[in-house]
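Here the structure comes first, spelled out in structure tokens, and everything after it is commentary.
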Amino acid sequence: MKTIGLIGGMSWESSVEYYRLINEMVKEKLGGLHSAKCLLYSVDFDEIERYQAEGDWESAGKALGEVASSLEKAGAEFIVICTNTMHKVIDNIEARINIPVLHIADATANQIQSSNIKTVGLLGTKYTMEQDFYKSRIKSNGINVLVPDKEERNNVNKVIYEELCLGQIKQSSKDFYKSVIQHLVAEGAEGIILGCTEIGFLVKPEDSEVPLFDTTVIHASEAVNTALKK
């Protein structure tokens with residue numbers, strides 16, 4: 001079993017879910033008392049969020065690159081960034097290490113392709129929905145990506161940072177997300193990417209008439225498959 005290097009803390013709420021899923025999947029595959037060999041470096045999200053808000057992606061990339069380097073030195077054999085948004089700085093991270101990084105968008109695109117879906121709606125932080133670093137990775141696999149309108153994007157983002165990252169689950173926000181999903185489906189979305197690792201706490205498969213692609217679950221599964229690959 002390879003040792004997984006987890007860059008977590010963005011938010012720690014979703015990092016807990018990564019840890020749980022990865023260990024449950026390893027146990028399911030190997031049985032007995034098996035659990036995952038992994039190293040978790042949990043950052044202070046306030047620092048990273050400040051870089052995001054200021055558009056200082058260079059400093060964010062440097063900070064996470066140093067984290068990845070620490071994980072490599074500690075024995076990690078590949079890296080999992082436990083968040084969608086910070087894949088924006090994956091090049092900065094890869095430049096500082098000699099081990100691979102499992103890209104969350106690639107794993108998600110593979111899952112979408114296996115479902116024969118050609119058009120998806122994307123929910124996530126405003127950075128993930130509006131900038132190209134994530135959408136282009138999905139589109140390069142022949143998948144069309146739709147995003148909510150500007151007002152909906154702002155409110156989707158607000159729920160993530162002001163509620164979900166703080167562990168708050170509100171019915172009013174769930175209802176709002178469901179309406180956004182319905183709008184995307186009306187525009188032609190055949191599936192929805194939950195492109196923020198906290199959204200799966202709020203929105204469940206039964207809340208959508210089309211398939212949901214929970215990136216946390218997909219990424220964790222890819223990590224386990226990589227760790228167990230001979």
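The values are calculated or read from the model by the stated rules, or taken from the named source; none is laboratory data. Everything numeric here is computed off the predicted structure, so don't read it as measured data. Counting neighbours? That spans all protein chains shown, and the Cβs are built from the backbone with ideal geometry, glycine included. With ligands, DNA and RNA removed, areas are computed over all heavy atoms of the protein, side chains included. Shrake-Rupley method; radii C 1.70, N 1.55, O 1.52, S 1.80 Å.
Considering only the range 215-222, I want to know if a residue exists there that is buried (at least 20 other Cβ atoms within 10 Å of the Cβ), at negative phi, hydrophobic (A, V, I, L, M, F, W, C) and in contact with a strand residue (DSSP E or B) (Cβ under 6 Å, 6 or more places away or on another chain).
So far as the range 215-222 goes, no, none of its residues is buried (at least 20 other Cβ atoms within 10 Å of the Cβ), at negative phi, hydrophobic (A, V, I, L, M, F, W, C) and in contact with a strand residue (DSSP E or B) (Cβ under 6 Å, 6 or more places away or on another chain).
When you scan the range 108-125, how many residues do you find that are open to solvent by 10 Å² or more (accessible area, probe 1.4 Å), part of a helix (DSSP H, G or I) and either touching a residue at least 24 places away in the same chain (Cβ under 8 Å) or under 23 Å from Thr3 (Cβ atoms) (or both)?
3
Take the range 146-184 and flag every residue that is under 20 Å from Tyr127 (Cα atoms), without any contact (Cβ under 8 Å) to a residue 40 or more places away in the chain and not in a helix (DSSP H, G or I).
Across the range 146-184, the qualifying residues are Val147, Pro148, Asp149, Glu163.
How many of the residues making up the range 129-182 are under 22 Å from Ser115 (Cα atoms), within 17 Å of the chain's Cα centre (by Cα) and β-branched (Val, Ile, Thr)?
Residues meeting the conditions: 3.
So, of the residues in the range 197-206 that are exposed (fewer than 15 other Cβ atoms within 10 Å of the Cβ) and part of a helix (DSSP H, G or I), which turns out to be nearest to the chain's Cα centre (by Cα)?
Once the filter is applied, the top-ranked residue is Pro205.
Of the residues Tyr18, Tyr51, which single one is among the aromatic types (Phe, Trp, Tyr) and under 30 Å from Lys230 (Cα atoms)?
Answer to the selection: Tyr18.
Look at Gly167 and say whether it is open to solvent by 10 Å² or more (accessible area, probe 1.4 Å), touching a Ser or Thr at 6+ places or on another chain (Cβ under 8 Å) and among the small types (Gly, Ala, Ser).
Spelling it out, it is not the case that Gly167 is open to solvent by 10 Å² or more (accessible area, probe 1.4 Å), touching a Ser or Thr at 6+ places or on another chain (Cβ under 8 Å) and among the small types (Gly, Ala, Ser).
Every residue, every condition in (1) modelled with pLDDT under 95; (2) within 21 Å of Leu164 (Cα to Cα); (3) of a type in the set (Asp, Glu), yes or no:
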position: Gly8; (1), (2), (3): no, yes, no
position: Lys29; (1), (2), (3): no, no, no
position: His34; (1), (2), (3): no, no, no
position: Cys38; (1), (2), (3): no, no, no
position: Val43; (1), (2), (3): no, yes, no
position: Gln52; (1), (2), (3): no, yes, no
position: Asp56; (1), (2), (3): no, no, yes
position: Ala63; (1), (2), (3): no, no, no
